[in-house]
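Worksheet: one structure, shown below.
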Amino acid sequence: MTISTSTHVDTADLTRRVQEVYRAVAEQPGGDYHFELGRALAHRLGYPVELLDQIPEQALESFAGVGYFFDIAQPAAGERVLDLGSGSGTDVFAAAALVGPTGHVTGIDMTPAQLAKAERLRASAEISSVEFTAARIEDLPLADATVELVISNGVVNLSPDKPAVFRAAARVLVPGGRLALADIVTERPLTEQISCNAELWAACIGGAAQRDTYLAAIADAGLVVRAVRTNHKYRFLSGSAQAATETYGVTSISLLAVKPA
Ligand SMILES: C[S@@+](CC[C@H](N)C(=O)[O-])C[C@H]1O[C@@H](n2cnc3c(N)ncnc32)[C@H](O)[C@@H]1O
């Protein structure tokens, strides 16, 4: 069965709006957003202090993730990791610390300012096991079966074609590879009024899929969902975002899915 999580949005306009918001997140992390940013958020979501201490401070100040998943992802030394929507690089640098110098981590993002900031931080920390690449997460520039772990934090909700993202992730994973992510989903489907509001979409609410639809899209891509948990400590900041959260049961989840061996 094919599940569609696409809605009627103008993809080009949405891409521009998302890039505008996340350029600001990279360049002005102290600005006013619908959502929280930074190290204190990451710590509250479950990132251990010892891991946070290995991430460049300026990457963390632009951290816009919605949950923690490295405990269920269990990265092992030497693994190849791909981060979908790597932003300013928090999870790429965390993964690089966890897989060590014999591993490799690729961050993919479509916002030039995020990529530029992440690459500047990588170069100044002289981390050679990390690379950042400009691409869309629906159309990954990686060969089939070339990574052991795909991660993503607060990103898939922003895609107008979630099934394509999960198919692309499944394609690049080796058999037995894992997808570990945190994202925003809803209990009840959003109305078109909300899902066609580009500002709420870019704020990680308007594009959120209903939870079972989201999980079915992962299964449709050929991955087996092994664990799902709700991140109760994630919350939106603005009044409009909180109102939508209450009406539609907008929540953050972390999950682990596996590609059958
Ligand atoms: C909420 S931020 C999360 C960034 C990062 N994962 C973190 O935890 O800080 C979303 C990021 O995903 C990127 N993004 C959104 N949609 C994308 C797409 N379709 N393809 C590639 N990148 C995308 C944005 O440019 C932005 O940097």
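Descriptive notes on the structure:
- Single match in 40, 96 (criterion: away from the ligand (no atom under 11 Å from the Cβ), more than 22 Å from residue 129 (Cβ to Cβ) and not in a loop (DSSP other than H, G, I, E, B)): 40
- Subset of segment 208-243 (residues that are hydrophobic (A, V, I, L, M, F, W, C) and part of a helix (DSSP H, G or I)): 215, 216, 217, 218, 219, 241, 243
- Listed by first and then second residue, the pairs linking a residue in segment 84-96 that is within 21 Å of residue 24 (Cβ to Cβ) to a residue that is in a helix (DSSP H, G or I) and among the β-branched types (Val, Ile, Thr), with Cβ atoms under 8 Å apart and 6 or more places separating them unless they lie on different chains, are 84/156; 84/165; 85/156; 86/92; 87/25; 88/25.
- Of the residues making up segment 201-245, those that are of a type in the set (Phe, Trp, Tyr) and either on the phi > 0 side of the Ramachandran plot or in contact with a Leu (Cβ under 7 Å, 6 or more places away or on another chain) (or both) are 201, 234.
- From 145, 169, 208, 164, residue being more than 16 Å from the ligand (Cβ to nearest atom) and either within 13 Å of the chain's Cα centre (by Cα) or within 25 Å of residue 226 (Cβ to Cβ) (or both): 145
- Extreme residue, farthest from residue 74 (Cα to Cα), among residues of segment 224-261 that are modelled with pLDDT under 95 and aliphatic (A, V, I, L, M): 243
- Boolean, residue 118 is in contact with a Gly (Cβ under 6 Å, 6 or more places away or on another chain), in contact (Cβ under 8 Å) with a residue 24 or more places away in the chain and not charged (D, E, K, R): yes
- Filter result (more than 10 Å from the ligand (Cβ to nearest atom) and either under 18 Å from residue 89 (Cβ atoms) or at pLDDT 95 or above (or both)) within segment 1-19: none
- Selection count where residues are acidic (Asp, Glu) and out of contact with any His (no Cβ under 8 Å at 6 or more places or on another chain), scope segment 179-193: 2
- Considering residues of segment 99-120 that are away from the ligand (no atom under 12 Å from the Cβ) and in a helix (DSSP H, G or I) only, the residue nearest to residue 14 (Cα to Cα): 119
A quick yes/no check of all residues on (1) buried (at least 18 other Cβ atoms within 10 Å of the Cβ); (2) more than 30 Å from residue 145 (Cα to Cα); (3) within 17 Å of the chain's Cα centre (by Cα); (4) hydrophobic (A, V, I, L, M, F, W, C):
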residue	(1), (2), (3), (4)
10	no, yes, no, no
13	no, yes, no, no
38	no, yes, yes, no
41	yes, yes, yes, yes
59	yes, no, yes, yes
69	yes, no, yes, yes
82	yes, no, yes, yes
88	yes, no, yes, no
114	yes, no, yes, no
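- Tallying residues that are of a type in the set (D, E, K, R) and either in a loop (DSSP other than H, G, I, E, B) or crowded, with 23+ Cβ neighbours inside 10 Å (or both) within segment 150-195 yields 6.
The values are calculated or read from the model by the stated rules, or taken from the named source; none is laboratory data. This one's a predicted model, so the numbers in the text were calculated from it and none came from an experiment. Note that each Cβ is placed from the backbone with ideal geometry, even for glycine, and that neighbours are counted across all protein chains shown.
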